[in-house]
Structure formats: C-alpha cells, structure tokens
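Remarks on the structure that follows.
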Amino acid sequence: MSDKTFYVTTPIYYVNAEPHLGTAYTTIAADAIARYRRMTGHDVMFLTGLDEHGQKIAQAAEDNGMSPQEWVDAIAPKFKAAWDMLGVSYDDFIRTTEPRHKKGVQAFWTELYDRGFLYQGNYEGWYCVPDETYWTEEQLEDGKCPQCSRDVQFIKEDNWFFKLSEFQQPLLDFYESHPDFVQPETRRNEVLSFVKGGLRDLSISRTNFTWGVPLPFAEDHVTYVWIDALLNYITALGYGGEDHERFDRYWPADYNFVGKDIIRFHCVIWPAMLLAAGIAPPKSVFAHGFLLTKGEKMSKSKGNAQTPASLVERFGVDAYRYYFMRDVQFGQDGSISMESMVQRYNGDLANDWGNLVSRLLNMTEKYFDGLTPAAPTAEPTDADATLLAIAGVLPEKYEAAMVRLDYVSALEAAWDLIKECNRYIETQAPWTLAKEGDDARLAAVIYNTLEAVRISALFTAPVMPNTSADVWTRLGLGDITAVTDIAAVAEWGQLPAGLRVSKGEPLYPRIYEEA
C-alpha cells in the first residue's frame, strides 16, 4: 500500500432522473484525476454515489405508485450502468439509504448534540421542494426560487437547528489559512462575500414527512436531505462505524468535486459542520461550471439535453471523454455542440492520433516484419532531438497541469508529442529511406516514433483509458493500468526491440455525416 493517499469525490447525484451530460462531466473529471494519481503511485479512493432521501423522492415515488425504497432501487442501477459504460473507475459507490450511511449520520448528530451545537426551535420561511432548499424572503426572486425559478412553499414547523451563525469568523479564518479550499478563485470570492454577509442558523430536520435519516435524539425528526447528503463523504469511509481504518487513511479528502450551483452547501455549511464536530474539512472543494448549448445551461426542461448513451453510441466512450475534458476548461462554463464534437473527433482523434498509430504500425509491419527495431545507437539528428525534447518535458508539463485540474492543458501537452510525431514522420519520410536502402536511419525513425507513441499513450490514458490500453496492446506491451510511476515509465528508450506489433482496426474512423 502506498503511503501517498489521494481521495476524490463527486457530488452524490439525486435519483429524480437518469444520468445526464452534467453528472457525467463531473464524474469523468473525477475519474481522470483518480486514474492519473494511480499512475503516480498514490493509494486512491474515488467515491461517487446517490442521494436518495428527501421530500422530492417521497413525492416522486408516490406519484409512481411505489414506495420510496422501491423508487430509488429502480433508479440506482441506471447510474451504475452509465458509469460502467463511460469507464468510470470508482472505488466505492455509496447510497444514502445504506445502513452504513444512516449509522454515520446519526453518530455525527450525536456528536454535535453533545458539543452543544444543536437546539430545537420553530422554522418559518420559504422552501423549494424541487431543489430541497430553504430561502429567506429577501433571497426570493419575483417570489420564486432564485435557483430554479419555480414556486416555493411557506412552511412553519418545529425543527432542530445547527448553530451555523457561530461559524462566520471561524470559516473566514479557515479560508484565510487554507487559500486553496475553494477553487477556482472566482468561486472563492463568491463564498467569502456570502459568509461576510452574515450567517443564519440552519434548520437540519423536517417533520412533515418520514423519508430520511431520523435524528437519534428526536426520532420524529428526519435529517434535512442536503445535510444528510453532505455526510456521505465521511460515512463512506466508515465514520460512525466500528472500522475507522479507511477514514483515518483517506480523510481529509483532496477534492470534493461539485457544480458551482451547490457551493453554498459545500463551501460554507459543510466545513462549518466539520469544524463543529472537530473534523478537518476537505483540502479543496473544486466547483466547475455549467455545460452550455447555444448559451443556455443544458437541461431537460429546456429540451437541449443529450444523453451520454446517445453520444457514446455515435462517437465511442473515449472520444466522449476526450471531448468534454479537452473542449471545456474545468472550472468555467463551457459551450458544447455536436459540430464541435465532430470537429474535435475528426481533427484530434481520427487525423492526429488514430492516423499516426495506423501509419506507424503499417510501416513497422512493412519494413520490419511487424517487429520493433532496436533503439538507435547513432547520434540523434536535430529532428530526433526535437522529438526527444518534447517527450522529455511531457511528464513535468502534464503533472503541473493536473495539479491545477487543468485537463485542457494536460491534453494539449500530450498532443504536442502526438503532433510532433506526425511532423517527424513527414519530414523523415521512412518510405524514402526504405527506397534508398538506408536501413539504419529507417530503423531509427521507426523506433523513435514507436517510442513516442508508447509515451503518448501513457499520458492520454487518464482520459482515454480504452484507447491507450489498445495502443499498448498493439505495441506488444503489458497492462498500462499497472503503471504506478508514470514519470519513470515515460523515460525515453524503454521500448524493447523485437516486440510483435499488430495493426488492428483504425482507432478512430472518420465521421463524414453532417453533425
């Protein structure tokens, strides 16, 4: 077991609908960094899961003539199937209806109760059932929910409250001493502004329905669904159970990945709850932007939402993953379209990467009977030196980008080498060398390009795992997922001579039909 741990989480997704492009986007981003950290020797815990409690779920189940448990049990497999389809390598999948979660939630409330941070009182205010969110009169926009623009209900009930107001200054102190806690910087400024505006105590229970985790000291109260959901990040590690080994090993999380619309819960309420319990907050909450189509947020209600399955059917899994990590800067809103997806597929994947691999393996078969030639012993030419230099800086550039969660720059660094490989083949013209009988130079050119392709596959693997595994198989190499020191494996000259290569089918056949 590595002494370097890495814990990344997605938000747990609400089971009111099947997975969509937005939930898939967050999950693939988390998967890419989890896969990369495994390749840098980290002991990785990658958590995703489902938020299955709350009034909205109870209502949806009733509307469909089912019990809430039957309803969530019917939806949950669809998320697992979607993540399996997209090659998501999660280590744990938590559902908030699991006994381990209920046990952890109740242990947490007992801790806060014992520490004096909870009290009973009356709540009067506005509540949005679709978003399961409380709002003050001042926060409403034209009398409606400021988040989803739908009608709100005025509710008045006996609740338990968390003394959130006591954590204004502790949170501001925490943000100052942990400047990377809220990322990116634009979100950090929003959070600081919100907290400086003053915090109100938070209702943490409901009594008008029963579908939730009961408070251990007030069984007629169920935990407010958002608070229940936040605790998944520690209950999945065994918090509140008998075995604390995973919690001790992985907490605090390196990253909680969330959408920018839920930063109030994750960057204000969540760290305050943890500070109250004497638990360290996560190292960072990274809030990404929205996916936009023609300037609008993608949503089913707007009728502009494609499903992951429909795009995978057309482009394949790895092309899907590549597009969203390459075309959208993580942390910002990003415009997506079928046209840009086709362009990215044909340009980067079919022309640059797929064509390179096909040409190279064809030439290896044609000129060397399908066996990798030996590494050259002659002094490198200027063209060789350029190729080697780009390959040499790739590990450092890629790591620097991934530390920032800058998937776009990481992939651009990998593509620098792929594009140089294509230039190298064109300028060195192996077909001319073969015609002229310059066998030594021909062998050097083919070896160098094969070696650069081997290295390129390493650094495209976190985003395009299937393609990279396929390329390594075609090169006669082993299991790419077994790599635990990517920088060492990427050092130049490790491709053995005499490996049997195989051409295989084109990695990315061009798409010709209109988008």
Going through region 138-224, which GluC sites (Glu not before Pro) have at most 11 other Cβ atoms within 10 Å and a DSSP loop state? GLU138
Taking amide H positions as placed in the peptide plane 1.01 Å from N, state which residues far from GLY49 in sequence (5 or more) or on other chains have amide H under 5 Å from it. TYR13, ILE94
What are the ³J(HN,Hα) values, in whole Hz, obtained from phi via the Karplus relation 6.51 cos²θ - 1.76 cosθ + 1.60 with θ = phi - 60°, for each residue of region 278-285 in sequence order, with x given for Gly and Pro? x, 10, 5, x, x, 5, 7, 10
Cβ charges +1 (Lys, Arg) and -1 (Asp, Glu), total dipole of region 5-309, debye: 820
Over 28 Å between Cα atoms, which of LYS78/LYS156; LYS260/LYS283; LYS103/LYS196; LYS4/LYS196; LYS435/LYS503 qualify? LYS78/LYS156; LYS103/LYS196; LYS4/LYS196
Give the angle, between 0 and 90 degrees and rounded to the nearest 10, that separates the Cα long axis of helix 317-327 from the longest principal axis of the Cα atoms of the chain. 80
Within a 10 angstrom radius of the beta carbon, how do MET66, MET273 rank from fewest other beta carbons to most? MET66, MET273
Charge tally in the Cβ shell below 14 Å around GLU365, where Lys, Arg are +1 and Asp, Glu are -1, GLU365 excluded: +4
Listed residue (VAL15, HIS101, THR307) projecting farthest to the positive dipole end of region 5-309, Cβ model: THR307
Take the Cβ-Cβ distance between THR377 and LEU499 as r, set R0 to 22 Å, and report the resulting FRET efficiency rounded to the nearest 0.05. 0.75
On a 0 to 90° scale, report how tilted helix 185-196 is relative to the longest principal axis of the chain, with both axes built from alpha carbons and the result rounded to the nearest 10. 10
Using the Karplus equation 6.51 cos²θ - 1.76 cosθ + 1.60 (θ = phi - 60°), what ³J(HN,Hα) coupling, rounded to whole Hz, does each residue of region 449-466 give in order, writing x for Gly and Pro? 6, 4, 5, 5, 5, 4, 5, 4, 4, 4, 8, 9, 4, x, 9, 10, x, 5
Checking rank on 75-86, 458-469, with mean other Cβ inside 10 Å and highest first, the result is 458-469, 75-86
Using the Cα atoms as the points, what is the convex hull volume per residue of the chain in Å³? 159
Cβ-based charge dipole, the chain, positive-most Cα from PHE154, VAL501, GLY49: VAL501
Using the Cα centre of region 337-489 as origin and beta-carbon charges of +1 (Lys, Arg) and -1 (Asp, Glu), tell me which of ILE486, GLN343, THR427 is placed farthest towards the positive end of the dipole. GLN343
Under unit Cβ charges (Lys, Arg +1; Asp, Glu -1), what dipole magnitude, rounded to 20 debye, does the chain have relative to its Cα centre? 480
Indicate the gyration tensor shape class of region 5-309 (rounded, prolate or oblate), computed on the Cα atoms with a ≥ b ≥ c the square roots of the eigenvalues: a/c under 1.5 is rounded; otherwise a/b larger than b/c is prolate and the rest oblate. rounded
Kirkwood-based Rg to Rh ratio, region 357-515, C-alpha trace: 0.96
So how tilted is helix 355-368 from the main axis of the chain? Cα-based, degrees 0 to 90, rounded to 10. 30
antiparallel share of DSSP beta bridges within the chain, to nearest 5, in %, is 55
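Throughout, read-outs are computed from the coordinates displayed, never taken from laboratory work. Computed from a predicted structure; not experimentally measured. Every residue, glycine as well, gets a Cβ built from its backbone with ideal geometry; the counts of neighbours run over all protein chains shown.
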